[in-house]
Amino acid sequence: SIPAASAALPRLSLLPSCGATTHPFTPWGDTGSYCAFPNLGFESGASGWALSGTASVVATNEPWHVSGPGAHSLQLGPGASAISSPLPVNLLDPYLRFFARSAGANGSLNVQVYFRGLSGNLTGLLNFGSLAQGSYASWQPTQKVLSLLALPLLTSTAQVRLTSQAKAGSWQVDDVYLDPRIAKL
């Protein structure tokens with residue numbers, strides 16, 4: 001007799017995986033599965049992130065603790081920026097989402113994604129846009145930021161860059177995620 005195919009067989013894929021997924025935005029009607037960027041909640045300080053200017057990790061957290069118990073977030077003062085470690089991506093990775101708050105910032109928070117190839121070369125840059133300070137007076141999840149089809153061919157990783165355009169006050173960011181599913185289009 002020929003044995004039945006086993007569900008335990010490894011699944012072959014030419015596309016990289018961003019890792020384990022969770023459902024952090026379900027309370028806001030988004031049932032998507034998201035992958036976490038390295039040190040998404042800044043509980044390990046700035047590990048996994050390159051900070052510049054007045055960027056720092058502070059003792060405050062988004063109030064819902066979607067990534068688990070935590071007490072820290074990223075703070076970006078005037079002109080400060082932070083860039084994440086690379087996260088594996090593929091052409092089916094359409095959404096980026098995180099939590100943000102304007103702490104008296106008088107300017108926007110710019111969001112960019114750097115796409116890199118296997119050798120670390122830059123394959124593209126996507127300006128996702130800016131968060132307006134008036135819309136984020138208290139902690140809240142950002143809208144889903146669509147990047148589908150913006151991903152250049154031969155891209156293997158993505159990095160998020162956050163830059164405060166404020167001249168006074170600061171921005172706070174917590175729990176940065178990528179949604180690797182395409183089913184929501």
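Give me the residue from the range 140-154 that is polar (S, T, N, Q) and modelled with pLDDT of 80 or more and, out of that set, least open to solvent (accessible area, probe 1.4 Å). Full working, then the answer.
Taking the range 140-154 first, the residues polar (S, T, N, Q) are 140, 142-143, 147.
Now narrow it down to the ones that are modelled with pLDDT of 80 or more: 140, 142-143.
Working: Q140: 61, T142: 3, Q143: 132 Å².
It comes out as T142.
Residues that are under 16 Å from V160 (Cα atoms) and within 16 Å of the chain's Cα centre (by Cα), at least 3 per element: which strands (runs of 3 or more DSSP E) completely within the range 37-77 meet that?
Details: elements: 49-52, 56-58, 73-76.
Answer list for the range 37-77: 49-52, 73-76.
Any residue in the range 161-179 that is surrounded by fewer than 15 Cβ atoms within 10 Å (Cβ to Cβ), farther than 20 Å from W28 by Cβ, of a type in the set (D, E, K, R) and modelled with pLDDT of 65 or more?
The first filter runs over the range 161-179 and keeps only residues surrounded by fewer than 15 Cβ atoms within 10 Å (Cβ to Cβ), leaving 167-168.
Right, trim to farther than 20 Å from W28 by Cβ and you get 167-168.
Narrowing further to those that are of a type in the set (D, E, K, R): 167.
Remaining after also requiring modelled with pLDDT of 65 or more: 167.
Yes, some residue in the range 161-179 is surrounded by fewer than 15 Cβ atoms within 10 Å (Cβ to Cβ), farther than 20 Å from W28 by Cβ, of a type in the set (D, E, K, R) and modelled with pLDDT of 65 or more.
For the range 124-139, which positions are surrounded by 16 or more Cβ atoms within 10 Å (Cβ to Cβ), of a type outside the set (F, W, Y) and either modelled with pLDDT of 85 or more or in contact with an Asp or Glu (Cβ under 9 Å, 6 or more places away or on another chain) (or both)?
Restricting attention to the range 124-139, the residues satisfying the condition of being surrounded by 16 or more Cβ atoms within 10 Å (Cβ to Cβ) are 124, 126, 128, 131, 133, 136, 139.
Imposing the further condition that a residue be of a type outside the set (F, W, Y) reduces the set to 124, 126, 131, 133.
Selection gives L131, Q133.
If only one of S108, S102 is more than 14 Å from the chain's Cα centre (by Cα), surrounded by fewer than 21 Cβ atoms within 10 Å (Cβ to Cβ) and not aliphatic (A, V, I, L, M), which one is it?
After ruling out the rest, the residue left standing is S108.
The values are calculated or read from the model by the stated rules, or taken from the named source; none is laboratory data. Everything quoted here is computed from the prediction, not taken from an experiment. Note that we place each Cβ from the backbone using ideal geometry, even for glycine, and neighbour counts take in every protein chain shown. Please note that ligands, DNA and RNA were not included when accessible areas were found on the heavy atoms of the full protein model with its side chains. Shrake-Rupley method; radii C 1.70, N 1.55, O 1.52, S 1.80 Å.
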